[in-house]
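Worksheet for the structure shown next.
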Amino acid sequence: MTPAQRRRGRFGIQARVLSLAVLFTLFTAGIIIFSSARSLAQQLRRTTIQSAEYTLQAAASGIRKDIQEVDDLSLWCCVDSTIRTAMLTDISTGVLTHTVYPIIANKYNSMHTAPYIQRFLLASQNGRIIMMGTASSQSRAVGQEALGLLPGMAEGEPLARWDRIQKDPLMQFGIVMEGIPITRQMVRGPSQYAASVYLSVSPALITDPLRALAPEDGSWLCWVMGGTLYRVEDGGLVPLGEADGLLTGDPADPDTLGAGTAVYTARFEEADYTAVVCPLGLHELSLGLMLPQSKLPASLYLLRGPALIALAVVLVMGLGMALLLQRTVAVPIGQLQRRIAKVSEGDFSTDAGIEWNHELGDVGRGINHLSQSVSDLMARRVEDEKQQLDLEYRMLQNQISPHFIYNTLNSIKWMATIQHAPGVAEMVTALSRLLKSVSKGNQRLVPLAEEFGLLEDYFTIQRYRYGGTLTLSLPAAGELAAFAGYRIPRFTLQPLAENAIFHGIEPKGGVGSLSVSLAAGEGGDLLLRLADDGVGMPQEQIGRILAGPQTAGGQQARFRHVGVWNVHRLLQLSFGPQYGLAIESGPAGGTTVTLRLPRPAEAAPDRTEAERGETPPPEPGQAGPERGETPPPEPEQKTG
């Protein structure tokens, strides 16, 4: 049998698994989704309605107590003997002022709902009036004619009892105040004087306790009073219309907790709502909550017996299918997934346990072959990149070091011939430190302090060469300490200083200065600037320098600025192409070279001095092992 025939014979596992999975999914999905959707929808609706009902009952209980307290005040005024005597008989005005008014005021001020009573008025037909409340100071003069404007106070008009919201007619001009009017009458006999009790209650008595509810998901509270439906909005009651016309449907609902709670359907602003309304038990007042029907389940069917039977069948079939899949598919797939996870984590070793004798085994063999190929490729790539980087770095470093040593030896020879050896000791000491630093070729990156020390040694040699006409300015110790963690490739500043002296300062007479400054750049980078006051250069020459010696034009130009370009390339190899040199100059004079160095966390790792067993380099301006020697005497001043 050929391999192709064997592969075709193994397709049976895949076909059986797919067929069983499709049939099982179609059968179980139809039963579970149908039965579960009905049950969950009905349970969710019941939970939502009962939760709303519980919230409404708790809020209605507090509002009912406040309304009952206001009703008790009006009833007390009608049954209290002292008040009835004062209002229905001809007692003196002094008794009314000194006896009756304090009793009423004490009762009013002791009430919890007193801040919501805007107007509390007692008036009799004989012209006696007692008034208090939060709006008393803003009322106009109250007379018999004005009393007739109040609901329930005019002769033959029905009494007002928690059935409307209207403007107070006794407010001063320009002041509008709405309230819920409440009226009671006290009559002693057909021939005696009659009196009335009038209260105007602020709608805030109802809305303030509802502020803590804060319905969500498009729900909102409503209030039914006097057959009118109001919306609770922004601390007020906004009338919507007759409740009988807005709330439709059968109010009875089996999902409610209380027998008095009604559930309606309503439509407002192109949206359908389910209204849960709980009565307060007073004056036919009710508190309701409008629930968007889009948030409630549409199905209200109970979970039936066939659904339970189907669920049991699904469980049995699912158990059998799970065992079959576990043996034929789940175990191999699980092993393949674990193997792929290890490969994604970087483990490219092979695993012979995933090479079964079926199609999943073919996948396992492919994974092992891929892992081995990737591992071999990565090893070769890493080795090639390491060799290429080391080779290019050594080439660039070797170009810089001989060039420097050659110039330094020429300087020493010139000093020994012309000055008859004054300063040679100091120059040789500086040269020995430089040569020792050059010999440390295995340390690519050094601290800034060490690099500044090398620059000082080099500048010492050049200062003697030019007879003390050169000056060097380095950052102070405190400024350098702020950037102590930054590192720089060895012998980066010396080629730049050499270029500044020979091509900038020397052409103008050999008298000049160099200064080094540090500044923080974007993203935590360090900007190290080396500036000279030499002759400068045009912009096209700057472009040729940074472009590389192959484009400088001519063999002499090729080697004239090779040190600057090498430094630029070293920085890019060490830290990335976004780092390197930036040169600012002009024909008028002066050149500034800016080195951009990354913050320490982004710099290339390097071994510490302790790991190499070396003594750390001295800070700039401090004496190292050679600096502890007695410096040579200064050269004698020649007199003319």
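The values are calculated or read from the model by the stated rules, or taken from the named source; none is laboratory data. Computed from a predicted structure; not experimentally measured. Quick reminder, even Gly has a Cβ in these numbers, built from the backbone with ideal geometry, and neighbours come from all protein chains shown. Calculation scope for accessible area: heavy atoms of the full protein, side chains included, ligands and nucleic acids excluded. Shrake-Rupley method; radii C 1.70, N 1.55, O 1.52, S 1.80 Å.
What to note about this one:
- Scanning segment 206-233 for residues that are surrounded by fewer than 20 Cβ atoms within 10 Å (Cβ to Cβ), hydrophobic (A, V, I, L, M, F, W, C) and either modelled with pLDDT of 90 or more or part of a strand (DSSP E or B) (or both) yields a total of 1.
- Against the test of being part of a helix (DSSP H, G or I) and touching a residue at least 24 places away in the same chain (Cβ under 8 Å), the options 380, 339, 365 yield a single qualifying residue, 339.
- Only residues that are open to solvent by 20 Å² or more (accessible area, probe 1.4 Å) and without any contact (Cβ under 8 Å) to a residue 24 or more places away in the chain were counted in segment 148-186, giving 12.
- Residue in segment 425-446 that is of a type in the set (Gly, Ala, Ser) and either at positive phi or at pLDDT 85 or above (or both) present: no
- Restricting attention to segment 69-124, the residues that are over 19 Å from residue 283 (Cβ atoms) and of a type in the set (Asp, Glu) total 2.
- Restricting 578, 622 to those that are at pLDDT 90 or above and loosely packed, with under 15 Cβ neighbours inside 10 Å reduces the list to 578.
- Verdict on residue 198 being at pLDDT 85 or above and hydroxyl-bearing (Ser, Thr, Tyr): yes
- Within segment 340-374, if we keep just the residues that are charged (D, E, K, R) and modelled with pLDDT of 80 or more, the residue that is nearest to the chain's Cα centre (by Cα) turns out to be 345.
Residues checked against (1) open to solvent by 30 Å² or more (accessible area, probe 1.4 Å); (2) within 14 Å of residue 590 (Cα to Cα); (3) basic (Lys, Arg):
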{"position": "470", "(1), (2), (3)": "no, no, no"}
{"position": "473", "(1), (2), (3)": "yes, no, no"}
{"position": "476", "(1), (2), (3)": "yes, no, no"}
{"position": "508", "(1), (2), (3)": "yes, yes, yes"}
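- Selection status of residue 226, of a type outside the set (D, E, K, R) and touching a Lys or Arg at 6+ places or on another chain (Cβ under 6 Å): yes
- Positions within segment 79-133 being assigned to a helix (DSSP H, G or I), open to solvent by less than 60 Å² (accessible area, probe 1.4 Å), of a type outside the set (Ser, Thr, Tyr) and within 23 Å of residue 172 (Cα to Cα), in sequence order: 114
- Residues in segment 462-496 that are in contact with a strand residue (DSSP E or B) (Cβ under 6 Å, 6 or more places away or on another chain), of a type in the set (A, V, I, L, M, F, W, C) and either without any contact (Cβ under 8 Å) to a residue 40 or more places away in the chain or part of a helix (DSSP H, G or I) (or both): 1 in all.
- Residue match in segment 232-242 (condition: more than 16 Å from residue 290 (Cβ to Cβ), touching an Asp or Glu at 6+ places or on another chain (Cβ under 8 Å) and not β-branched (Val, Ile, Thr)): yes
- Listed by first and then second residue, the pairs with beta-carbon distance under 6 Å, at least 6 apart or on different chains, first residue in segment 261-282 and in a loop (DSSP other than H, G, I, E, B), second open to solvent by less than 30 Å² (accessible area, probe 1.4 Å), are 261/53; 261/278; 280/60; 282/67.
- Only one of 46, 84 that is over 30 Å from residue 149 (Cβ atoms) and modelled with pLDDT under 90: 46
- Looking across segment 134-162 at every residue that is part of a helix (DSSP H, G or I) and not charged (D, E, K, R), the one that is nearest to residue 176 (Cα to Cα) is identified as 138.
- Search result, residues across segment 134-147 that are crowded, with 16+ Cβ neighbours inside 10 Å and within 21 Å of residue 86 (Cα to Cα): 142, 147
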